[in-house]
Amino acid sequence: MLADAVARHGLDRAGLAHRLQRHRQLIATLNEHTKVTTLVRSLAIHVEPVTLITLERATSVSTKFQLLTNDALTVAVMGHLGLKDLATNDEDFDTVTSMTVWKPR
């Protein structure tokens, strides 16, 4: 949704999530996120369910690596699946020692 807000409204990325929360009427103008489920279905890929056990692991990951919830959940799911490589430009994952972070920039 953030990328959609930048593209559609020319908004600056800095503080964008908070800005959208304060100006909720802008959220109604965003629609790119609605295409995600259709795209994922068309790719015929497995989507790993998030279980209570995974959420519990994520809380430990969050504390250990100082990650926000979504990033910690990503690391917990990857650990559950035995995945060791993550391609991202998100520097928050740089603290995670249990995986290799690839920067595709």
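The values are calculated or read from the model by the stated rules, or taken from the named source; none is laboratory data. Since the model is a prediction, treat every value here as computed from it, not as a measurement. Reconstructed Cβ throughout: ideal geometry from the backbone, glycine too, with neighbour counts over all protein chains shown.
Could you say whether any residue in the range 3-19 is of a type in the set (Val, Ile, Thr), over 18 Å from the mean Cα position of the chain (by Cα), in a helix (DSSP H, G or I) and surrounded by 10 or more Cβ atoms within 10 Å (Cβ to Cβ)? Reasoning before the result, please.
Restricting attention to the range 3-19, the residues satisfying the condition of being of a type in the set (Val, Ile, Thr) are 6.
Then drop every residue that is not over 18 Å from the mean Cα position of the chain (by Cα), which leaves none.
Within the range 3-19, none of the residues are of a type in the set (Val, Ile, Thr), over 18 Å from the mean Cα position of the chain (by Cα), in a helix (DSSP H, G or I) and surrounded by 10 or more Cβ atoms within 10 Å (Cβ to Cβ).
State yes or no: is residue 29 modelled with pLDDT of 90 or more, surrounded by 12 or more Cβ atoms within 10 Å (Cβ to Cβ) and polar (S, T, N, Q)?
In short, no.
Within the range 62-92, work out how many residues are without any contact (Cβ under 8 Å) to a residue 24 or more places away in the chain and among the hydrophobic types (A, V, I, L, M, F, W, C). Steps first, please.
Of the range 62-92, the ones without any contact (Cβ under 8 Å) to a residue 24 or more places away in the chain are 62-64, 69-74, 76, 78-79, 82-91.
Now restrict to residues that are among the hydrophobic types (A, V, I, L, M, F, W, C): 72-73, 76, 78, 83, 86-87.
Residues meeting the conditions: 7.
Condition check: modelled with pLDDT under 90 and either in contact with a helix residue (DSSP H, G or I) (Cβ under 9 Å, 6 or more places away or on another chain) or part of a strand (DSSP E or B) (or both). Does residue 71 satisfy that?
No: the conditions fail for residue 71.
Does the range 41-53 hold any residues that are over 16 Å from residue 74 (Cβ atoms), hydrophobic (A, V, I, L, M, F, W, C) and part of a helix (DSSP H, G or I), and which are they?
Passing the criteria: 43, 52.
So residue 39 passes all but one of these: (1) assigned by TED's automatic domain parsing to the domain that holds residue 95; (2) exposed (fewer than 10 other Cβ atoms within 10 Å of the Cβ). Which condition number does it fail?
If we test residue 39 against (1) assigned by TED's automatic domain parsing to the domain that holds residue 95; (2) exposed (fewer than 10 other Cβ atoms within 10 Å of the Cβ), just (1) comes out false.
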